[in-house]
Amino acid sequence: LSSTISPTISTESNNPFSPEIESQGDEEKFDWFSHWYPIAAVCDLDKRVPHARRVIGLDIVIWWDRNEEKWQVFNDSCPHRLAPLSEGRIDQWGRLQCVYHGWCFNGSGACNFIPQAPPDGPPVHTSKKACVAVYPCIVQNKILWFWPRSKTQYKDIATKEKPPYVPELDDPSYTSVMTSRDIPYGYEVLIENLMDPAHVPYAHYGILVPKKADREGGMPLDINVTRLDKSGFLGKQANACNEFVAPCLFSYYSNPVSDGSSTSGSVQKKTSQRRILLVFFCIPVSPGKSRVLFSFPRNFAVWVDRVVPRWILHIRSNLVLDSDLYLLHLEERKLIDVGVSNWQKVCFVPTTSDNSVIAFRNWLRKYSGGQIHWAAKFGAELPPTPPKEQLMDRYWSHVVNCSSCSKAVNGLKAFEVALQVISIATIGIVAIRQSVMSVIAKSSMVSLAVLCFAASRWLSHFIYKTFYFHDYNHALR
């Protein structure tokens, strides 16, 4: 993360796009297709099957090439009839096979086999038209990244340019549980929300802020933007920094805090420096949709994340995301209605707590014309708002793409069924053998049946709220 700090830039409270910031940096426009984009945490990718993803308007398929022993990222479209390759399979020879007509592709995107082509006919599978577009990809920080250009000159881009690196995510002295979630609002709103610490006491009351805390726990936050250029910006506040590395990385890192132990003088042991980072990878998917990969690496209480199952840790993460998801979805639609170019006119941001948000809007306007450059054409309007239960769905936005949560929900459902079977079987035994059972035995068996049934009902409710839908009513918190 950046350690170079330029002279402090003040942001005028009555002008979100201050001339001080505008005067810095070159005028070159930001190229959205000349940067690495994170796709998924490697731990959540199944090597047995292809995976579909959309990033910056591109539909891609991820699959494990066991012949090359590496992940491959292809355009998710078979050159034959444009069927999605992500609905295909990996055949016994380790090739990606389109299951519509059986065309097979190797790791370089070349077509190895067309079943419909006669073996004694022309080798039509060798035609360039039979090839699939391949995107450069790399694994870094246990995350799979891809470069959204498939032309030959970008094949070895990883030798010249790497994704932004967060050393703490690979440091064994830190814990770093990775979480991902598809979000029903756009990249711009996602990043703004993560850059805004002032909303935490209100939007996340009872989750990140305990209920016993003051319900009106807001306070002035002095955030100063100290650098802004095409690559992003750096902000500082008391005992912490935040950095935006365009286009995807936003991180918040605190200064080390001593646990009280020290060596001679004021020099403290490295192990006594307690440190935590908030690392967010914000991925533009399409207008009104985004994806976030995040981790909070820390070098204290590491044992907690090693003992507690990952899916349990995801429960709280999803609850945090849900607690402001609906209001941000509606907020984005209001911004679209007035026009994103009018952001500075309709949004009143008079305090320094909004300086990071102001800096992002300024960066986006100055280097990208205030908008993302998508790979595909999209309509001017966002899709209509679905029912809240569908909008805040956790299963399709998280569980199906999380190896830990998908296993947990399957295991808990099996346990729920087992409890119901035990309850029914116990009642059956009592009914059949009641003439030879004592009153105490009957009571015990009936009590067991009732407890198992009640436990299955509670477990069903727990599964639904944890893995499918959990509403959040701020007025009743």
Next item on the list: Treat each spin label as a single point 7 Å out from the Cα along the C-beta direction, and report the His199 to Asp471 distance in nm.
Entry: 2.2 nm
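At a Förster radius of 41 Å, what calculated FRET efficiency corresponds to the Cβ-Cβ distance of Asn239 and Val139, to the nearest 0.05? Write down the numbers at each step before the final one.
Working: r = 33 Å, r/R0 = 0.81.
The pair Asn239/Val139 has a calculated efficiency of 0.75.
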Notebook entry, point to check: When each pair of different Cα atoms in region 332-477 is counted once in the 1/r mean, what is the Kirkwood radius in angstroms, to one decimal?
Noted result: 21.0 Å
Item checked: Under-5 Å amide H pairs with Ala40, H placed in peptide plane, nonlocal only -> Leu144
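Where in the chain are the DSSP H helices whose alpha-carbon span along the long axis reaches 18 Å or more and whose Kyte-Doolittle mean is at least 0.5?
On the way: long enough: 310-338 (41 Å, 0.13); 355-368 (19 Å, -0.47); 403-433 (45 Å, 1.09); 439-467 (41 Å, 1.06).
Once both thresholds are applied, what remains is 403-433, 439-467.
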Next item on the list: Over region 37-160, consider all pairs of different Cα atoms and compute the Kirkwood hydrodynamic radius from their mean reciprocal separation; express it in Å, one decimal.
Entry: 14.8 Å
Check: In nm, to one decimal, how far is the Ala52 label point from the Ser127 one, both placed 7 Å along Cα→Cβ?
Finding: 2.6 nm
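Provide the per residue accessible area, probe 1.4 Å, for region 37-160, rounded to a whole number of square angstrom.
Per residue, region 37-160 has 51 Å² of solvent-accessible surface.
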Margin query: Using the Cα centre of the chain as origin and beta-carbon charges of +1 (Lys, Arg) and -1 (Asp, Glu), tell me which of Phe360, Gly109, Val245 is placed farthest towards the positive end of the dipole.
Written below: Gly109
Check: What is the dipole size for the chain, taken about its Cα centre, with +1 at each Lys and Arg Cβ and -1 at each Asp and Glu Cβ, in debye to the nearest 20?
Finding: 1340 debye
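For the chain, what ratio Rg/Rh do Cα atoms give with a Kirkwood hydrodynamic radius? Provide the component values of the computation, followed by the final result.
On the way: Rg = 26.5 Å, Rh = 25.6 Å.
Using Cα coordinates only, the ratio equals 1.03.
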Check: Which value, in Å², gives the accessible area per residue of region 406-468 when a 1.4 Å probe is used on the protein heavy atoms?
Finding: 64 Å²
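Taking 0.36 nm per intervening residue step and subtracting the Cα-Cα distance, what contour gain separates Ser254 from Tyr395 on full extension?
On the way: separation 141, 0.36 × 141 = 50.76 nm, distance 3.30 nm.
Gain in length upon complete extension: 47.5 nm.
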Notebook entry, point to check: Going toward the positive end of the dipole of the chain, with +1 on Lys and Arg Cβ and -1 on Asp and Glu Cβ, which of Phe462, Ala198, Phe74 do you reach last?
Noted result: Phe462
Margin query: Let me spell out the model: positive unit charges on the Cβ of Lys and Arg, negative unit charges on the Cβ of Asp and Glu, origin at the Cα centre of region 37-160. What dipole size does that give, in debye rounded to 20?
Written below: 300 debye
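Counting only heavy atoms of protein chains, what accessible area per residue, in Å², does region 172-212 have with a probe of 1.4 Å? Mind showing how you got there, number by number?
Working: 1400 Å² over 41 residues.
That works out to 34 Å² for each residue.
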Item checked: Rounded percent of accessible protein surface that carbon and sulfur make up, the chain, 1.4 Å probe -> 58 percent
Check: How much space per residue, in cubic angstrom, does the convex hull of the C-alpha atoms of region 377-443 take up?
Finding: 151 Å³
Note to self: At a 4.7 angstrom Cβ threshold, list every cysteine in the chain that has nobody to pair with, or say none.
What the structure shows: Cys43, Cys104, Cys111, Cys131, Cys137, Cys241, Cys248, Cys282, Cys347, Cys452
Item checked: Estimated dipole of region 151-210 in Debye, rounded to 20 [Cβ of Lys and Arg +1, of Asp and Glu -1, Cα centre] -> 260 debye
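The values are calculated or read from the model by the stated rules, or taken from the named source; none is laboratory data. In this text, all values refer to a predicted model and were calculated from it rather than measured experimentally. Please note: Cβ atoms are built from the backbone with ideal geometry, for glycine as well, and neighbour counts cover all protein chains shown. Calculation scope for accessible area: heavy atoms of the full protein, side chains included, ligands and nucleic acids excluded. Shrake-Rupley method; radii C 1.70, N 1.55, O 1.52, S 1.80 Å.
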